Structures are given as structure tokens and as C-alpha cells.
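Taken together, the values in this text are just the output of simple stated rules run on the coordinates, not laboratory data. The model shown is predicted, which means the values in this text are computed figures rather than measured ones. Every residue, glycine as well, gets a Cβ built from its backbone with ideal geometry; the counts of neighbours run over all protein chains shown.
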Amino acid sequence: MKLAEALNQRADLQKRIAQLKERLSNNVKVQEGDQPAENPEDLFSELSNSLKELETMIVRINKTNQETRWNGKTLTEMIAAKDVLSMHLSTLRSVLDAANVRSDRYSRNEIKFVRTIDVNLLQKRVDDLSRDLRELDSRLQQANWMTDLL
């Protein structure tokens, strides 16, 4: 199995567990005299099996990410770089949004706000980092589809 397939399976397991949680919540309490739509014990059993399967999948994915090198870096290092780059971009975009907020003045007596940064320069930096993130994500996706799960 390829790493990308395992990542898809992990996502499916996480969705199934969330659905089981909701189904359990809907079936653990019913009006006196009624029967639950599904047997809670069966749902608990399915939940337990899904959680064990998820744990195994996470361990295998993490081991694969830690031991697989791609272009001189482990996949774990590439994922960390992607996460930090995404956080950096999110922060810069928020700053850019704040700098672009217009504050209309209705008279000369109102406070005038001025920008303290070069918006064009910051936008170029955001554009460059966005490109870097797309390229890094592409390399990660390529590695995921080429790497066998350990």
C-alpha cells in the first residue's frame, strides 16, 4: 500500500469514528418503552475496532514519514516545514487584511490612520510564500504516491 492510500484510509477512519460517536449519542437514551434504532453495544464494539485500526494506521504513517527521505529530507521534516509555512502565510495574510481596511473620515476632526508597512512589498512576499507552499505540497503529494507504507 502506498502512503497516500494510507492517508486516505486514515481520513476515512476518522470520519467513521465521528459518525459512530454521533450514532452512539443518538442511541444511548430513548423514551421509556422505546427501543434504540441501533444497539449501543454493537456500536461500542465497532468504535473499539475502528479506534484500534486508526491507531495502527497512525503508527505506520508516522513511521513511514520519519524513515522516508525525499530530496534529502524526511517526510516528517517536509510536513513540519509545510505546517510552519502555512502558519506564516496565514499570519501575513491577516496583517495584509488589517493594513487594507479603509477607515473613512467624515470630517477633518476625525482621527486619520496611516499604514506602517509597504503593502505592495508584503503582498509580493505573500505571493512568493504561496508559491513555495504549493511547490512543497506538490513534492509531498508526489512522495506520498511513490512511497510504500512501512
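Neighbour counts of C-beta atoms inside 10 Å place 59, 126 in the sequence 59, 126, starting with the fewest.
Taking 29, 124, 52 in turn, the Gaussian network model of the chain (Cα-Cα springs below 10 Å) assigns the largest fluctuation to 29. Comparing mean-square fluctuations of 14, 123, 31 from a GNM of the chain with C-alpha springs under 10 Å, the top value falls on 31. Here the chain has an Rg and Dmax of 24.5, 73 Å, counting Cα atoms alone. Calculated mean residue ellipticity, 222 nm, the chain: -25500 deg cm²/dmol, from DSSP H runs (n ≥ 4) at -39500 (n - 2.57) each, averaged per residue and rounded to 500. From least to most packed, judged by other beta carbons within 10 angstrom and beginning with the fewest, 102, 23 follow the order 102, 23.
Once the Cα atoms are used to define both axes, helix 75-100 deviates from the longest principal axis of the chain by about 50 degrees.
Springs between Cα atoms under 10 Å define the GNM used for the chain, and in it the highest mean-square fluctuation of 116, 68, 56 occurs at 116.
The order of 76, 91, going from fewest to most other C-beta atoms within 10 Å of their C-beta, is 91, 76.
Close amide H partners of residue 147, meaning residues 5 or more places away or on another chain with modelled amide H under 5 Å apart, are 3, 4. Along the chain, the longest continuous region that contains none of the GluC sites (Glu not before Pro) in a DSSP loop with at most 11 other C-beta atoms within 10 Å is 33-109.
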